[in-house]
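Engineer: One structure, as structure tokens, below. Some questions next.
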Amino acid sequence: MDILITGTVLGGTYALIALGLTLQYGVARIMNLANGENLVLACFCAFWLYSTASINPVLGIVLIAPGAFVLNWLIYDFAMKPLVNRAKNRGQLEVDSILATFGLMFIMQGVMLLVFGGGYYSYNFLSEPVQILGENYGLNRIVALIAAAVIALGLYVFLYRTRYGTAIRAVSVNPSSASLVAINVERASAFAFALGGALTAAAGALLSTFYTFNSSMGVIFTMKALIIVIMGGVGDVRGAVLAALLLGLTETAVASLIDPGLTLAATYTLFILVLLFRPQGIFGRQEA
């Protein structure tokens, strides 16, 4: 039971990170390798708000997520849009975006190293234990899981129960056909990219409440988000959530039962198994 609850908490945080990349890659067709740096920047923002103004990190999402939305919209508008306009096909856009965001990753990482240094940061927030089914768990982790679930549910309602959410999903499936029914593909792509950045930032704010972080660790979360997106099926929100929970449970089980040093190996083993037996993703459909 301890593995189940701890793994679910970890997987819930992973889900938010992956949902952000799912929107950016699945809708905007941008493989954002700076996704992890966006998360780490949000961690520092939550830390700064809490340590200087005593703002609750969960409530701080109300400030951090909109800021990340604006930042990512500007990144798309000034750095990604020219790549979209010149790309002759999706393959070229993916290659160009990987190279561009790879450079952006180092820029963001360098700025954070300059401002915050290379040391590790953490802070005490709701660190008291809470008992669930006879076992003690950190209250901060439980609060983070609940907040992540609420945000993920809100995204699901937006995508599947609103008119504009339906338009976003239409662009994800076929941009050319979406434009034929009066959907502004360019604006929808920019919105999805910005919303993806906001979701990742929300995950960073929640993660900072129980995780020790530094300026250089963004690449780890980018790789995990990428693995989750591919495992769940590109552009599929349900698949991303399920894959994130599966990854969280796997890492927790390996760390608890075998060796914490093997968690990364377990992550890539699970990834390879999915590629071998379900290459289209958990909920993806086999191409005809």
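Nothing in this text is a laboratory measurement; each read-out follows from the coordinates by a stated rule. Note that this is a predicted model, so its numbers are computed, not measured. Virtual Cβ from ideal backbone geometry, glycine too; neighbours counted across all protein chains shown.
Engineer: Taking square-rooted eigenvalues a ≥ b ≥ c of the alpha carbon gyration tensor, is region 1-110 rounded, prolate or oblate, where a/c under 1.5 means rounded and, failing that, a/b exceeding b/c means prolate? Could the numbers behind the result be given before it?
Structural biologist: Values: a/c = 2.53, a/b = 1.54, b/c = 1.64.
Because a/c hits 1.5 or more and a/b fails to exceed b/c, region 1-110 counts as oblate.
Engineer: Continuing with the same structure: Counting other C-beta atoms within 10 Å, and keeping those with at most 16, which DSSP coil chymotrypsin sites (Phe, Trp or Tyr not before Pro) do you find in region 77-178? Intermediate results must be reported in sequence, preceding the final value.
Structural biologist: On the way: sites: F78, F102, F106, F116, Y120, Y121, Y123, F125, Y137, Y156, F158, Y160, Y164; in loops: Y120, Y123, F125.
Hits after loop and neighbour filter: Y120, Y123.
Engineer: Can you tell me which of A34, A203, A87 moves the most in a GNM of the chain? Springs connect C-alpha atoms under 10 Å apart.
Structural biologist: Looking only at A34, A203, A87, the largest GNM fluctuation is found for A87.
Engineer: Grab the DSSP H runs of the chain that are 4 residues or longer, score each as -39,500 (n - 2.57), total them, divide by all residues and round the 222 nm result to the nearest 500 deg cm²/dmol. Don't skip to the answer; put the middle values down first.
Structural biologist: Numbers: 12 runs with 210 residues, N = 288.
Result for the chain: -24500 deg cm²/dmol, rounded to the nearest 500.
Engineer: In nm, give the distance between the simple-model label positions of A265 and V130, each being 7 Å from the Cα along the Cα-to-Cβ direction.
Structural biologist: Spacing of the two 7 Å Cα→Cβ label points: 3.6 nm.
Engineer: Where Lys and Arg each count +1 and Asp and Glu each count -1, what net charge lies around L153 among other residues with Cβ under 14 Å from its Cβ?
Structural biologist: Details: positive: R161, R238; negative: none.
That works out to +2.
Engineer: Tell me the angle of helix 139-161 to the major Cα principal axis of the chain, expressed in degrees between 0 and 90 and rounded to the nearest ten.
Structural biologist: For helix 139-161, the angle is close to 20 degrees.
Engineer: For R29, enumerate residues with amide H under 5 Å from its amide H, sequence gap 5+ or separate chain, H modeled in the peptide plane.
Structural biologist: Placed amide hydrogens put nothing under 5 Å from R29.
Engineer: With Cβ to Cβ distances under 14 Å as the rule, what net charge do the other residues near L93 carry (K, R +1; D, E -1)? Display every interim value, and only then the final one.
Structural biologist: On the way: positive: R29, K81, R86, K88, R90; negative: E94, D96, E186.
Every neighbour counted, the sum reads +2.
Engineer: Find which of I151, I98, N124 sits farthest along the positive direction of the dipole of region 53-166, computed with +1 on the beta-carbon of Lys and Arg, -1 on that of Asp and Glu, about the Cα centre.
Structural biologist: The one lying farthest along the dipole's positive direction is I98.
Engineer: Could I ask something else about it? With the Cα gyration tensor of region 105-241 giving a ≥ b ≥ c as the square roots of its eigenvalues, does the rule (a/c under 1.5 for rounded; else a/b larger than b/c for prolate; else oblate) give rounded, prolate or oblate? Intermediate results must be reported in sequence, preceding the final value.
Structural biologist: Values: a/c = 2.65, a/b = 1.51, b/c = 1.76.
Taking the square roots of the gyration eigenvalues as a ≥ b ≥ c, region 105-241 is oblate.
Engineer: Angle check, please: helix 2-26 long axis (alpha carbons) against the longest principal axis of the chain (alpha carbons), in degrees 0 to 90, nearest 10.
Structural biologist: That helix lies at roughly 20 degrees to the long axis.
Engineer: Show me the ranking of peptides 42-52, 189-199 by mean Cβ neighbours inside 10 Å, starting with the highest. List each step's numbers first, then the result.
Structural biologist: Numbers: 42-52: 20.1, 189-199: 26.2.
Put in order of decreasing packing, that is 189-199, 42-52.
Engineer: If I fit a long axis through the Cα atoms of helix 218-232 and take the longest principal axis of the Cα atoms of the chain, what angle between them do I get, 0 to 90°, rounded to 10?
Structural biologist: 60 degrees
Engineer: With θ taken as phi - 60° and the coefficients 6.51, -1.76 and 1.60, list the Karplus ³J(HN,Hα) couplings across region 250-264 in order, rounded to whole Hz; mark glycine and proline as x.
Structural biologist: Whole-Hz 3J(HN,Hα) from phi for region 250-264: 5, 4, 5, 5, 5, 5, 7, 9, 10, 7, x, x, 9, 4, 5.
Engineer: Give a residue-ordered list of calculated ³J(HN,Hα) values for region 194-205 (Karplus: 6.51 cos²θ - 1.76 cosθ + 1.60, θ = phi - 60°; whole Hz; x for Gly, Pro).
Structural biologist: For region 194-205, the Karplus-derived couplings read 5, 5, x, x, 5, 5, 4, 5, 4, 4, x, 4 Hz, x marking Gly and Pro.
Engineer: Can I ask one more? Check each of the trypsin sites (Lys or Arg not before Pro) in region 74-167 and keep only those in coil by DSSP with at most 16 other C-beta atoms within 10 angstrom; list them in order.
Structural biologist: Those satisfying the criteria are K88.
Engineer: Then there's this: Determine the dipole magnitude for the chain: charges of +1 sit on the beta-carbon of Lys and Arg, -1 on that of Asp and Glu, nothing else is charged, the reference point is the Cα centre, and the result goes in debye to the nearest 20.
Structural biologist: 880 debye
Engineer: Let me know the shape class of region 105-183, please: from the alpha-carbon gyration tensor, a ≥ b ≥ c as square roots of the eigenvalues, rounded when a/c is under 1.5, otherwise prolate if a/b is greater than b/c, or oblate. Don't skip to the answer; put the middle values down first.
Structural biologist: Numbers: a/c = 4.74, a/b = 1.47, b/c = 3.22.
Here region 105-183 falls in the oblate category.
Engineer: Convert each backbone phi in region 180-192 into a coupling constant with the Karplus relation 6.51 cos²θ - 1.76 cosθ + 1.60 (shift: θ = phi - 60°), then list the ³J(HN,Hα) values in order as whole Hz, x for Gly and Pro.
Structural biologist: 6, 10, 6, 8, 6, 5, 4, 5, 5, 5, 4, 5, 5
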